[in-house]
1. State all residues of the range 57-74 that are farther than 19 Å from HIS382 by Cα and within 6 Å of the ligand (Cβ to nearest atom); if no residue qualifies, say none.
2. Can you spot a residue in the range 244-258 that is crowded, with 23+ Cβ neighbours inside 10 Å and under 27 Å from ALA6 (Cβ atoms)?
3. Among the listed residues HIS356, HIS341, which satisfies the condition of being modelled with pLDDT of 95 or more, closer than 19 Å to GLY411 by Cβ and touching a strand residue (DSSP E or B) at 6+ places or on another chain (Cβ under 9 Å)?
4. What's the number of the only condition in (1) part of a strand (DSSP E or B); (2) more than 16 Å from ALA32 (Cα to Cα); (3) within 11 Å of the ligand (Cβ to nearest atom) that HIS193 fails to meet?
5. Residue by residue through the range 342-370, note down the ones that are without any contact (Cβ under 8 Å) to a residue 12 or more places away in the chain and buried (at least 21 other Cβ atoms within 10 Å of the Cβ).
6. Among the residues of the range 327-362, how many are assigned to a strand (DSSP E or B), in contact with a Ser or Thr (Cβ under 9 Å, 6 or more places away or on another chain) and under 25 Å from ASN313 (Cα atoms)?
7. Mind counting the residues in the range 130-156 that are touching a residue at least 40 places away in the same chain (Cβ under 8 Å) and within 16 Å of ARG106 (Cβ to Cβ)?
Amino acid sequence: MAKPLAGVTLQPFWWDQAPRDPIARPDVPKEADVAIVGSGYTGLSAALTALRGGKSVVVFEAEQAGHGASSRNGGGVGNFPFKLSYSQTETMLGEANAKQLWHEGRASVDYLEELVEREQIQAHFVRSGRYLGAHKPGAMAGLRRDVAILQDKLDADVEIVEPGEQQSHIGSDFYHGGRFNVRDGVVHPAKLHAGLLERVRAAGGVIVDGTRVTGVRCDGAALIVETARGQTRAGQVAIGANGYTDGVLPSLKQRVIPVASQIIATEELPAERVKRLVPRGNMIIDTKRTVHYYRASHDGRRILMGGRPLLRNSEAEEAAPYLRKFMVDVWPELEDVRITHAWGGKLGFTFDKLPHIGEFDGVHYACGYLGSGVAMSTYLGHKLGLRMLGDPAGATAFDGRNFPTMPFYKGNPWFLSIVAAYYRVRDSIG
Ligand SMILES: Cc1cc2nc3c(=O)[nH]c(=O)nc-3n(C[C@H](O)[C@H](O)[C@H](O)COP(=O)(O)OP(=O)(O)OC[C@H]3O[C@@H](n4cnc5c(N)ncnc54)[C@H](O)[C@@H]3O)c2cc1C
């Protein structure tokens with residue numbers, strides 16, 4: 001194991017500008033039209049839409065509000081938030097369904113943009129694009145193919161970047177050219193979360209934090225939401241727990257795979273230096289299967305490097321030296337730069353590598369964003385809210401498909417290290 005980095009704060013850099021509220025544990029309301037489990041983007045977005053439609057809403061959160069991935073993520077906002085290529089989706093679902101799914105990927109970013117504008121949430125949302133670097137020369141052929149398909153099938157705003165043009169996307173020769181997603185963006189994730197939380201509260205939503213939901217059962221036409229501190233009788237219930245999904249709905253736990261991911265932040269650097277390294281301040285990822293994601297901070301003063309550098313669900317402290325090493329591989333000049341923050345959180349993966357929205361035993365859910373959920377969870381949360389209102393606009397292509405599980409899988413992803421080891425080998429082949 002690499003030596004832990006000294007003097008690092010083990011909490012998200014984002015919380016410095018958007019501190020988390022201390023847990024208040026208000027009384028559990030006896031009744032609500034809608035009860036929501038989870039106070040991340042999915043839960044809050046669902047709550048806001050239901051509240052604006054006139055419903056009374058309670059949001060249950062086991063820890064402090066926004067404890068999950070929504071206040072911890074990298075803040076990358078992508079129009080193509082899938083782990084499958086467009087062609088793979090088409091093979092799996094047919095052209096019409098694949099197109100609908102991918103169009104909704106784009107719609108999720110449009111929705112986020114419209115939401116922050118409408119609600120006046122100051123979260124530094126910028127359509128700065130996304131650079132996808134080719135980690136080996138041979139990877140450019142795949143990127144060229146993808147760009148041609150995305151332009152042809154979806155009229156997508158994507159471009160090939162030749163190796164000689166790369167410096168306007170990343171101040172490094174680490175990659176062999178790449179692809180630029182022009183309409184992708186970045187956001188300050190914790191400010192986005194704090195803004196949503198504030199709007200939900202202002203609209204009359206009750207946030208019951210520090211209170212884990214332990215079960216949901218039917219009682220006639222109503223649902224009883226159970227916690228150790230009392231119960232709520234609700235007309236409808238929605239779960240937005242993603243990578244933090246527990247046993248509230250056993251059927252859901254058997255379908256969501258929790259996957260840890262970590263991020264480090266550097267000390268403050270001169271703005272000109274950061275601008276040279278990440279000229280557009282945008283998200284950078286690469287073609288490796290063991291992916292890294294990185295960007296400049298919202299204020300253009302730090303580099304944030306994220307990934308899953310170890311072969312298992314590790315802690316941030318353990319992963320940080322490996323993330324730092326990759327950062328120095330990309331930019332050797334950062335060798336002497338200090339790391340100030342290291343943190344992690346949990347992503348929600350699915351067996352078919354696609355997000356899902358639906359209903360088990362009369363309880364609604366949306367989850368499985370596979371590490372690309374900033375826009376998608378906000379969008380599908382909104383769809384959940386519309387469903388609570390009985391609005392047909394709650395329909396989406398992410399519903400109605402089989403939500404697969406694996407025999408004997410009960411929520412403990414023992415197979416992750418095997419998959420990661422396989423990816424490492426694939427990445428290392430020239
Ligand atoms: C380190 C990291 C980096 C990421 N980077 C990006 C990125 O750059 N771009 C991108 O698009 N996506 C990224 N993601 C993914 C994105 O953050 C998530 O997809 C999204 O935030 C999911 O939101 P959510 O509301 O569904 O779940 P979460 O925000 O994870 O919230 C779930 C909440 O449910 C609560 N909960 C669970 N069970 C219960 C219960 N029984 N009772 C009460 N409460 C419960 C949990 O405590 C938790 O707070 C990243 C994620 C991580 C962890």
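1. ALA62, GLU63, HIS67, ARG72, ASN73, GLY74
2. The answer is no, given that none of the residues of the range 244-258 is crowded, with 23+ Cβ neighbours inside 10 Å and under 27 Å from ALA6 (Cβ atoms).
3. HIS356
4. (1)
5. Those that are without any contact (Cβ under 8 Å) to a residue 12 or more places away in the chain and buried (at least 21 other Cβ atoms within 10 Å of the Cβ): none in the range 342-370.
6. Result for the range 327-362: 11.
7. 7
Residue by residue, here is whether (1) part of a strand (DSSP E or B); (2) under 18 Å from VAL374 (Cα atoms); (3) free of Cβ contacts under 8 Å to residues at least 60 places away in the same chain holds:
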residue	(1), (2), (3)
VAL216	yes, no, no
ALA238	yes, no, no
VAL248	no, no, no
SER251	no, no, no
VAL274	no, no, yes
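The values are calculated or read from the model by the stated rules, or taken from the named source; none is laboratory data. Everything quoted here is computed from the prediction, not taken from an experiment. Virtual Cβ from ideal backbone geometry, glycine too; neighbours counted across all protein chains shown.
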